[in-house]
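The values are calculated or read from the model by the stated rules, or taken from the named source; none is laboratory data. The model shown is predicted, which means the values in this text are computed figures rather than measured ones. So basically every Cβ, Gly included, is an ideal-geometry build from the backbone, and we count neighbours across all protein chains shown.
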Amino acid sequence: MAHLPGSIGELIGDLRRNKGWSQKELAKRSGVTESTLSHIESGITKQVDATALGKIAFALDTSTDYLLGLSKIRTPKHIDIMKLGLSEDVAR
């Protein structure tokens, strides 16, 4: 298992700040309340709801695995199957 320094809240805060976003902006983009984000980043909330975590990860262009320290890969790769010349049926 990959080990990332700091807590999940610190990591979310770092990623948010790297994008130049306020908590209000991340709340708007993720659909998670600003209060919830504040509690996560400050460490008040230690266990993050899976749905909220998914929304936050998506908004920050990362994976839940990265936020949880299960992966060192920050940005998941998205492959456009059409660029590969594959049909959707083949890709499945």
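Side notes on the structure shown:
- Of all positions in the stretch 51-58, at least one carries a residue that is exposed (fewer than 11 other Cβ atoms within 10 Å of the Cβ), out of contact with any His (no Cβ under 9 Å at 6 or more places or on another chain) and modelled with pLDDT of 75 or more.
- The stretch 1-20 - residue that is of a type outside the set (A, V, I, L, M) and in contact (Cβ under 8 Å) with a residue 12 or more places away in the chain and, of those, farthest from residue 64 (Cα to Cα): 19
- Residues of the stretch 21-38 satisfying the condition of being part of a helix (DSSP H, G or I), without any contact (Cβ under 8 Å) to a residue 24 or more places away in the chain and either acidic (Asp, Glu) or in contact with a helix residue (DSSP H, G or I) (Cβ under 8 Å, 6 or more places away or on another chain) (or both): 23, 24, 25, 27, 34, 36, 38
- The residue of the stretch 23-50 that is nearest to residue 10 (Cα to Cα), among those that are at pLDDT 95 or above and among the β-branched types (Val, Ile, Thr), is 40.
- Only a single item in (1) part of a helix (DSSP H, G or I); (2) touching a Leu at 6+ places or on another chain (Cβ under 9 Å) is not met by residue 61, and it is number (1).
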